[in-house]
Amino acid sequence: MTRAEALRQVQMYSFALDDTGLFLDTHPDNRAALTFYDDTRKKYLEAVEDYEMQFGPLTAKDSDVENGWTWVDAPWPWEVEE
């Protein structure tokens, strides 16, 4: 999977979680929505983990600081050639 495809997966699950969360704000007891949210959350976390293992952290707050501030070591978005 390319970087763009992996990022699209993360974005897709993130959007579904945001949208379902809004629905659950007005329908908090909807079992189907709760199940969908839980299943999608697991897929989102897996997609983020897969992305970060292949391409590095998605955000600075996900950076490993054990060896210093490495967030800036990865190429910037405009430096990536696909």
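Read-outs throughout are calculated quantities, based only on the coordinates presented, and are distinct from any laboratory measurement. Worth saying up front: this structure is predicted, and the values here are computed from it rather than measured. Cβ placement follows ideal geometry from the backbone for every residue including glycine, while neighbour counts extend to all protein chains displayed.
For this structure, a couple of remarks:
- Helix-only CD estimate at 222 nm, as mean residue ellipticity for the chain, using -39500 (n - 2.57) per DSSP H run (n ≥ 4): -21000 deg cm²/dmol
- Within-12-Å neighbourhood charge of LYS43 [Cβ basis; K, R +1; D, E -1]: -3
- Normalising the average separation of contacting C-alpha pairs (under 8 angstrom, six or more residues apart) by the number of residues puts the relative contact order of the chain at 28 percent.
- For the stretch 3-15, the Karplus equation 6.51 cos²θ - 1.76 cosθ + 1.60, evaluated at θ = phi - 60°, returns couplings of 4, 5, 5, 5, 5, 4, 4, 4, 5, 4, 5, 4, 4 Hz by residue, with Gly and Pro reported as x.
- Residue among PHE15, VAL48, VAL80 farthest towards the positive dipole end of the chain, charges placed on Cβ: PHE15
- Subtracting the Cα-Cα distance of GLU5 and PHE55 from their residue separation scaled by 0.36 nm leaves 16.8 nm.
- Two-decimal Rg to Rh for the chain - Kirkwood Rh, Cα set: 1.09
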